[in-house]
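Have a look at the structure below before the remarks.
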Amino acid sequence: MKAAPPVKAAVMSRKTPHFRLRENIQLYVIMLPVLLHIFVFSYIPMYGIVIAFQNYYPGSPFLSFTGGTDWVGLKHFTDFLNGPYFVRLMRNTFNLSFLSLVLGFWVPILFALLVNELRHGIFKKYVQTASYLPHFISNVVVAGMVLAFINTDGIVNSFVKMFGGTPISFATEPGYFAAIYIITTIWKSFGWSSILYLSAMSSVDPHLYEAAKMDGANRFKQMLHITLPSIRPTIFILLIFAIGGLLGANSEFILLIYNPTLYETADVIGTYLYRYGLLGGNFSSGTAIGLFISLINFSLLFLANKLARKYSDYALW
């Protein structure tokens, strides 16, 4: 059989992208609504960033070439950096996010490894379903549960009194807030976060386990030397995303459980933006602070991706 002439081969190679587009047209159609949603609700509103560089008030134009826009440059950025709350906000935000990352990132990995080792199908599905449920509980409901538990008459203080201790007002003691926030965050998210790891484990070749079993490897060694290395790409990708959101504490949940007595350890950038930017009507300052934090998060994401690319084979780009 003769090989295709060079000219014909070149024509076929030029048509390849068209054939690929036609073959994958259904996938592109499925992606279209998501892409439109991202474009409309994420990219179009980005033009509002310009108010971070002006004194904006409701009703004034974002862009005006007739003198209607009061441009102030980097004033709102410098005011935030030199403000009395900058150090406290950055410290609290970083502490809560960093502790959540260090103490909580490995929990869904360990949980997924343990669930993957279960052999009883019905019990395995029950455990998975039960672990997912907290993710679907509203933050308002979770906050109400937490406040009820840590109340002076709540279940936590009931155990304290049972062992002869004195009831503690956890809701007004700044020193306990970080523990309450981290424990609740991990409990609410570890089951849902384990889905990606379980999906990655399901794609592992069963023949690898059979070969390891024939070599005398027990289930723990199979998990350590086969399952864990197989989900390493997923771990690296999710870790990069987690580092990129290091200054993005769960402000919605914090707003529901904190109070002025906890500002020392609980007031983060998101809660400050809500009070000062939204409730206070300081839209330009709030936008400037949000933009500043977004730039820091992007820098952390870029750095984490660069380090992952340098020291491993897994990265976002």
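The values are calculated or read from the model by the stated rules, or taken from the named source; none is laboratory data. Keep in mind that what you see is a predicted model, and the values were worked out from it rather than measured. Don't worry about glycine lacking a Cβ; one is built from the backbone with ideal geometry, like all the others, and counts go over all protein chains shown. Side chains included, ligands, DNA and RNA excluded: accessible areas come from the protein's heavy atoms. Shrake-Rupley method; radii C 1.70, N 1.55, O 1.52, S 1.80 Å.
Computed quantities for the displayed model
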{"read-out": "Percent RCO, i.e. relative contact order, over segment 185-273, from Cα pairs under 8 Å lying at least 6 residues apart", "value": "25"}
{"read-out": "Computed label-point distance, nm, for sites LEU63 and ARG22 using a 7 Å Cα→Cβ extension", "value": "4.1"}
{"read-out": "Alpha-carbon centroids, segment 118-196 and segment 199-251: separation in whole Å", "value": "26"}
{"read-out": "Ordering of 302-312, 182-192 by packing [mean C-beta count within 10 Å, highest first]", "value": "182-192, 302-312"}
{"read-out": "Gain on full stretching of the segment that runs from THR166 to LYS125 - 0.36 nm per residue minus C-alpha separation", "value": "10.6 nm"}
{"read-out": "Calculated log₁₀ intensity ratio I(q)/I(0) where the Debye formula runs over C-alpha points of segment 175-243, q = 0.16, 0.28 Å⁻¹", "value": "-0.70, -1.18"}
{"read-out": "Alpha carbon Rg of segment 42-110, scaled by the compact-globule rule 2.2 N^0.38 Å", "value": "1.71"}
{"read-out": "Added length on full extension, which subtracts the Cα-Cα distance from 0.36 nm per residue, ARG309 to VAL50", "value": "89.8 nm"}
{"read-out": "Protection proxy ranking of 97-107, 239-249, 203-213 - average other beta-carbon atoms within 10 Å, highest first", "value": "239-249, 97-107, 203-213"}
{"read-out": "Reachable aspartates and glutamates from LYS161, criterion Cα separation under 16 angstrom, eight or more residues apart if same chain", "value": "ASP153"}
{"read-out": "Mean Kyte hydropathy of 0.0 or more with a Cα span along the axis of at least 27 Å, helices from DSSP in the chain", "value": "177-202, 283-311"}
{"read-out": "Tail beyond 25 Å, pair distance distribution of segment 71-202 (Cα, percent)", "value": "49"}
{"read-out": "Column: log10 I(q)/I(0), Debye, Cα scatterers of the chain, q = 0.11 Å⁻¹", "value": "-0.98"}
{"read-out": "Heavy-atom accessible area per residue - the chain, 1.4 Å, Å²", "value": "63"}
{"read-out": "Long-range HN-HN contacts of GLN54 with modeled amide H, under 5 Å", "value": "VAL72"}
{"read-out": "Compactness of segment 228-297 - radius of gyration and Dmax, Cα, Å", "value": "15.8, 51"}
{"read-out": "Spin-label pair ALA217/TRP106, simplified geometry with 7 Å Cα→Cβ offset, distance in nm", "value": "2.1"}
{"read-out": "Stretch gain in nm, segment LEU114-SER199, where the contour uses 0.36 nm per residue and the Cα spacing is subtracted", "value": "29.2 nm"}
{"read-out": "Rg followed by Dmax, in Å, when segment 138-226 is reduced to its Cα trace", "value": "21.5, 59"}
{"read-out": "Relative contact order %, the chain, counting alpha carbon pairs below 8 Å whose residues are six or more apart", "value": "25"}
{"read-out": "Most to least packed among 67-75, 267-275, 82-90 [average Cβ atoms within 10 Å]", "value": "267-275, 82-90, 67-75"}
{"read-out": "Apportionment of accessible area to carbon and sulfur, the chain, percent (1.4 Å)", "value": "69"}
